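Worksheet for the structure shown next.
The values are calculated or read from the model by the stated rules, or taken from the named source; none is laboratory data. Small disclaimer: the values here were computed from a predicted structure and weren't measured. All Cβ positions, glycine included, derive from the backbone under ideal geometry; neighbour counts span all protein chains shown.
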Amino acid sequence: MTISCPSLLISAPASNQGKTLVAAALAHAWRNQGFKVQTFKCGPDFLDPMILQTATGQPVYNLDLAMCGADDIASRLYQAASQTDVILVEGVMGLYDGSPSSADIAAQFRLPVALAIDASGMAQTFGALAAGLYSHMPELKPAGVIANRTGSAHHGQLLRDSLPANIPWLGALQKREALTLPERHLGLFRADEISDLDQRIAQAAELLTESGPLPLPPAAVFELPPVQPFSPLLAGRKIAIARDEAFCFIYPANLNCLQALGAEIVFFSPLHDSELPPATDAIWLPGGYPELHRTQLGSNHAMRAALHSAWQQGMPMLAECGGMMAASESINQQPAFGLLPGHCSMQPRFQGLGVQFAELPEGKLNAHTFHYSRFDSTLPAYAQATTQRGKAGEAIYRHGSLTASYLHFYFPSNPLTVARLLSR
């Protein structure tokens, strides 16, 4: 069974070319024209999807051949094509960076590719760069180029004139402070931290539509893969999920997976709440920025007591990356929740990066890691993940009913394992 939908994968020659704002501007422009837009993000990113969700009002799902798998991607693209007017996928890093890369996803799922290129400091080379990126993998479908950070209207015209006839010009965004997005050590700021984000996106969209309505991209054809039915293994169980400024790295696909398993999901704030939701059966502490809120976390003695009481009763707990940091004894020598023996300290550069695979007694799970902190503990590792190259990856700890790691697990990769982790 197949279905078609106008679709576009927006990529770039490298990171920091402005892909996210360009993708958000495209989505906003099409939404303003009355189209329903579904956006996706290549790679296991959490922050860029928050920006894209602001532009569309829809959850943003991740597409990663290593972490999610081809069938998961095919299923999500097919579902989107059946429910939306246009599909927009933001790539990760440069077009060919990573293994698998954004180009691999575009080729496998026949997605037309547009390029966002930081044109500051170049003129006619712009056309050569665009042509070279497309010709490197001839099976890619060129859908056009957007020049970012141009100096003037004349500069934009020079860039446009440099393009070969077979590469469409999609517009330009001039270099302005209002057309940038602030960043910190893990990437872009959270969407809710950028007070004028809507205005920035709207301004970029207006510039892309100065000469008229934005045409829809070419249609791509999607096939429905075999669908694996979910068993309601968590039916009747309430999963309490930490979600606030410190705990915000949550894949929408993970929430969908828990609901498909029959779980009732509720959210709580370890920063602001004094107790857990009533009748909680299991707790998930996802990643985020506990290091930025460590004083407030450490001073929430009521939440610390509630978590310790749940742990002493044997309630299943899963703590990922920032969640593990918060569960440790301290973050940069400031007290944390003290559920996990060990201490976390921030480092000047990242300590772990990439897709990894965890083999647990409960089963296998695909995951991703990206962190700047280090965890030192006398507690032996319960298990250890492996990297895509088969090397030793992140340690996974088990302390009573708590399972903790720097890994961000992708629940749909093995729902049965997730159900076992969150069951007594």
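Suppose we filter segment 174-216 for residues that are farther than 18 Å from Ala55 by Cα and touching a strand residue (DSSP E or B) at 6+ places or on another chain (Cβ under 6 Å); how many remain?
2
Can you work out which of the residues in segment 238-270 that are out of contact with any Pro (no Cβ under 8 Å at 6 or more places or on another chain) and acidic (Asp, Glu) is farthest from Arg420 (Cα to Cα)?
Glu245
Looking at segment 265-276, is at least one residue in a strand (DSSP E or B) and among the aromatic types (Phe, Trp, Tyr)?
Checked against the condition, which is being in a strand (DSSP E or B) and among the aromatic types (Phe, Trp, Tyr), segment 265-276 yields at least one hit.
Residues checked against (1) touching a residue at least 40 places away in the same chain (Cβ under 8 Å); (2) closer than 15 Å to Leu318 by Cβ:
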position	(1), (2)
Pro335	no, no
Leu340	yes, yes
Ser373	yes, no
Glu394	yes, yes
Tyr397	yes, yes
Ser405	yes, yes
Ser413	yes, yes
Thr417	yes, yes
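Filter segment 57-88 down to residues that are crowded, with 23+ Cβ neighbours inside 10 Å and modelled with pLDDT under 95, then give me how many there are.
Here the count works out to 0.
Residues in segment 410-422: is at least one in a strand (DSSP E or B), aromatic (Phe, Trp, Tyr), under 24 Å from the mean Cα position of the chain (by Cα) and not assigned by TED's automatic domain parsing to the domain that holds Asp45?
The answer is no; no qualifying residue exists.
If you scan segment 88-113, which residues turn out to be of a type in the set (D, E, K, R) and out of contact with any Lys or Arg (no Cβ under 8 Å at 6 or more places or on another chain)?
Asp97, Asp104
Assigned to a strand (DSSP E or B), of a type in the set (A, V, I, L, M) and touching a strand residue (DSSP E or B) at 6+ places or on another chain (Cβ under 8 Å): does that describe Leu353?
yes
If we keep just the residues of segment 6-36 that are more than 12 Å from Ala55 (Cβ to Cβ) and within 17 Å of the chain's Cα centre (by Cα), which is surrounded by the most Cβ atoms within 10 Å (Cβ to Cβ)?
Residue satisfying both the conditions and the ranking: Ser11.
Give the residues of segment 157-175 that are at pLDDT below 95 and more than 18 Å from Pro215 (Cβ to Cβ), sorted by residue number.
Within segment 157-175, Gln174, Lys175 meet the criteria.
Name the pairs whose Cβ atoms lie under 6 Å apart, with the first residue in segment 311-330 and at negative phi, the second β-branched (Val, Ile, Thr) and part of a strand (DSSP E or B), and 6 or more positions between them or separate chains?
Every condition considered, the pairs that remain are Met317/Ile283; Leu318/Thr403; Met325/Ile331.
Name the pairs: first residue in segment 184-212 and farther than 23 Å from Gly144 by Cα, second residue polar (S, T, N, Q) and in a helix (DSSP H, G or I), Cβ to Cβ under 9 Å, at least 6 apart or on different chains?
These pairs meet every condition: Leu188/Thr20; Ala191/Gln53; Ala191/Thr54; Asp192/Thr54; Ile194/Thr54; Leu197/Thr54; Asp198/Thr54.
Checking the structure you have, find out if any residue of segment 183-200 is within 30 Å of Leu159 (Cα to Cα) and either assigned by TED's automatic domain parsing to the domain that holds Phe370 or in a loop (DSSP other than H, G, I, E, B) (or both).
Within segment 183-200, one or more residues are within 30 Å of Leu159 (Cα to Cα) and either assigned by TED's automatic domain parsing to the domain that holds Phe370 or in a loop (DSSP other than H, G, I, E, B) (or both).
For every residue, the table says whether it meets (1) within 21 Å of Gln53 (Cβ to Cβ); (2) surrounded by 15 or more Cβ atoms within 10 Å (Cβ to Cβ); (3) without any contact (Cβ under 8 Å) to a residue 60 or more places away in the chain; (4) aliphatic (A, V, I, L, M).
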{"residue": "Pro252", "(1), (2), (3), (4)": "yes, no, no, no"}
{"residue": "Ala263", "(1), (2), (3), (4)": "no, yes, no, yes"}
{"residue": "Asp273", "(1), (2), (3), (4)": "no, yes, yes, no"}
{"residue": "Thr280", "(1), (2), (3), (4)": "no, yes, yes, no"}
{"residue": "Gly287", "(1), (2), (3), (4)": "yes, yes, no, no"}
{"residue": "Leu307", "(1), (2), (3), (4)": "no, yes, yes, yes"}
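Do you know which residues across segment 153-177 are surrounded by 13 or more Cβ atoms within 10 Å (Cβ to Cβ) and aliphatic (A, V, I, L, M)?
Within segment 153-177, Leu158, Leu159, Leu163, Ile167, Leu170, Ala172, Leu173 meet the criteria.
From the set of residues in segment 203-241 that are of a type in the set (Gly, Ala, Ser), under 25 Å from Thr39 (Cβ atoms) and buried (at least 19 other Cβ atoms within 10 Å of the Cβ), which is modelled with the highest pLDDT?
Top of the filtered list is Ala220.
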